[in-house]
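Notes follow the structure.
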Amino acid sequence: MSMKEAVAAFVHDGATVSIEGFTHLVPTAAGHEIIRQGRKDLTVVRMTADIVVDQMIAAGCVSRLVSSFVGNSSAGSLGELRRRIERADPAPLAFEEYSHYGMVCRYLAGSQRLPFYPLRSYGGSDLPGVNSDLRKVTSPYPGPDGEQEQIYVVPPVNPDVTIIHAQRADRRGNTQIWGLTGIQAEAVYAADKAIVVVEEIVEDEVVRSDPNRTLVPSHAVDAVVVCPRGAHPSFAQGYYDRDNAFYRAWSHISRDPERLREWLAEWVYGTADHAEYVDKLGEDFWAGLAVGEALSEPVNYGRRL
């Protein structure tokens, strides 16, 4: 599908939408299309809420955020998110806070259709004081000291739709990722529907030649969208580098509500799609984010003689 078709088909007002990609492969272009289509009242689930979430909040798409880390990835704050949470300016934002591992466990429970997932890392933490969904159950097994143990659990998350970005897929949706892999596969399995955005479509033989890179198989995918450079300003390992200058600039843009809305008007509402966004940046800009080769060694999988 095109990005426009996929968002129209699977992202609806009031939906719970997971947007995953850790450090690289952030589905920025998908977030921009959600903004263009004017989606409202979304619950966004993202382990590391970052620039694209800040933009979606500023555009009025998001009423609830479920996340752990929130911030501008080593370069500063998210101005719109802070205004909404700290001052309800210009409107409040409901925020459910978990740890990184707590979010991982929610996806694990959701993908396995479990009622909850246990973890020890909330012991001694202040988080249970701000999130009533962090609860304790009695373990049916002895604890480390041999005594009955009360252990924290988190609830599953089952989004209406999960959106991920990846390097490549075949036409059936067998999706390959390398570099940092994050929690994308579990987020897809946890969801009712899944949109995979890729840098390129490849022939079946390419996927079959390196099957261990297939993190998301075709039966879990509902739409494949080809969107080159669709993770900008994050990077796609092997395709283009991180736009560090934009990350630094975003702290200043998002600090000023008027400047932020001007940016959205020019770069999101003012572009018909991500291809136009890419063209607007220009080839000289993309040349500055070009990456050289760092090839992986071939692997012999063997076959019958």
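Here are the numbers for this structure:
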{"read-out": "Where Asp204, Asp256 fall by accessible area, highest first, once all protein chains stay in place (1.4 Å)", "value": "Asp256, Asp204"}
{"read-out": "Lysine-lysine proximity count for the chain, Cα under 25 Å, sequence distance 8 or more or distinct chains", "value": "4"}
{"read-out": "Of all DSSP beta bridges in the chain, antiparallel share, percent nearest 5", "value": "30"}
{"read-out": "Most positive-pole-ward Cα, Val137, Leu119, His252, against dipole of the chain from beta carbon charges", "value": "Val137"}
{"read-out": "Dipole in debye (nearest 20) - the stretch 199-267, about Cα centre, beta carbon charges: Lys, Arg +1; Asp, Glu -1", "value": "380"}
{"read-out": "For peptides 207-217, 39-49, 72-82, sequence by mean Cβ density within 10 Å, most packed first", "value": "39-49, 72-82, 207-217"}
{"read-out": "Net charge dipole size for the stretch 73-186 [Lys, Arg +1 and Asp, Glu -1 on Cβ; Debye, nearest 20]", "value": "440"}
{"read-out": "Sparsely packed GluC sites (Glu not before Pro) within the stretch 129-186, loop by DSSP, other Cβ within 10 Å at most 15", "value": "Glu147"}
{"read-out": "Antiparallel bridges, percent of DSSP beta bridges restricted to the stretch 164-288 (to nearest 5)", "value": "35"}
{"read-out": "Amide proton proximity set for Glu96, modelled H, under 5 Å, gap of 5+", "value": "Leu65, Val66, Ser67"}
{"read-out": "Residue-normalised accessible area of the stretch 7-165, given per residue in Å² at a 1.4 Å probe", "value": "40"}
{"read-out": "Residue-normalised accessible area of the stretch 188-275, expressed per residue, 1.4 Å probe, Å²", "value": "47"}
{"read-out": "Cα-based shape type of the chain, given that a ≥ b ≥ c are square roots of the gyration tensor eigenvalues and the cut on a/c is 1.5", "value": "oblate"}
{"read-out": "Residue among His24, Val157, Ala287 farthest towards the positive dipole end of the chain, charges placed on Cβ", "value": "Val157"}
{"read-out": "Positive-end residue of Gln55, Gln148, Gly110, charge dipole of the stretch 29-176 with Cβ unit charges", "value": "Gln55"}
{"read-out": "Over the chain: helical MRE at 222 nm, DSSP H runs n ≥ 4 each giving -39500 (n - 2.57), nearest 500", "value": "-8500 deg cm²/dmol"}
{"read-out": "Cβ-derived FRET efficiency at R0 35 Å, Leu127 paired with Ala272, nearest 0.05", "value": "0.25"}
{"read-out": "Dipole magnitude (debye, nearest 20) for the chain, charges at Cβ of Lys, Arg, Asp, Glu", "value": "520"}
{"read-out": "Accessible surface of the stretch 1-62, 1.4 Å probe, proportion on carbon and sulfur as whole %", "value": "53"}
{"read-out": "Ranked by how many other beta carbons lie within 10 Å on average, peptides 168-180, 125-137, 222-234 from highest", "value": "222-234, 168-180, 125-137"}
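The values are calculated or read from the model by the stated rules, or taken from the named source; none is laboratory data. For clarity, every value in this text was computed on a predicted model and none was experimentally measured. Note: ideal-geometry Cβ built from the backbone for every residue, glycine included; neighbour counts use all protein chains shown. These accessible areas exclude ligands, DNA and RNA; they are computed on the full protein's heavy atoms, side chains included. Shrake-Rupley method; radii C 1.70, N 1.55, O 1.52, S 1.80 Å.
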